[in-house]
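Each remark here refers to the structure printed beneath this line.
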Amino acid sequence: MNAKQAVAQRIMELCKSRNITVNTLANDAGVPPTTIYSMLNAKSKNPGIVTIKQVCDGLDISLREFFDSPIFDDLEQEIQ
């Protein structure tokens, strides 16, 4: 799994654990739903840290809490 896939998986995991939809997350984060959806599919190859921070704000968690997941432990090498 690469970093982009891990971010998408973590967003979905957090939405599921809070029983919220992607649209609800987008509203809570103050970003258009298309921004979140692009992070979840192939459109966004590199979700920016500012956008991830907005997602965290919408989830009322810190960046540390977002990245504190086993999902990020064994990512593929990005430089090839």
Check your understanding: In nm, what is the difference between 0.36 nm times the number of residues separating residue 73 and residue 2 and their Cα-Cα distance?
Key -> 24.5 nm
Exercise for review: About the Cα centre of the chain, how large is the charge dipole given +1 on each Lys and Arg Cβ and -1 on each Asp and Glu Cβ? Please answer in debye to the nearest 20.
Suggested key: 300
Check your understanding: So, in nm, how far is label residue 38 from label residue 9 when the simple model puts each one 7 Å beyond its Cα toward the Cβ?
Key -> 2.4
Exercise for review: Hey, could you grab the Kirkwood Rh for the chain? Inverse mean 1/r over distinct alpha carbon pairs, Å, one decimal.
Suggested key: 12.7
Check your understanding: residue 69's amide H: which non-local residues (gap 5+, or another chain) put their own amide H closer than 5 Å, with H modeled 1.01 Å from N in plane and none for Pro or chain starts?
Key -> none
Revision key, fill the gap. Stretched fully, the stretch from residue 49 through residue 23 gains (0.36 nm per residue minus C-alpha distance, one decimal, in nm) 7.4 nm
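A short reminder: the numbers here are calculations on the coordinates, not readings from a lab. A quick note: this is a predicted structure, and the numbers were derived from the prediction, not measured. Because the Cβ atoms are built from the backbone with ideal geometry, glycine has one as well, and the counts that use them run over all protein chains shown.
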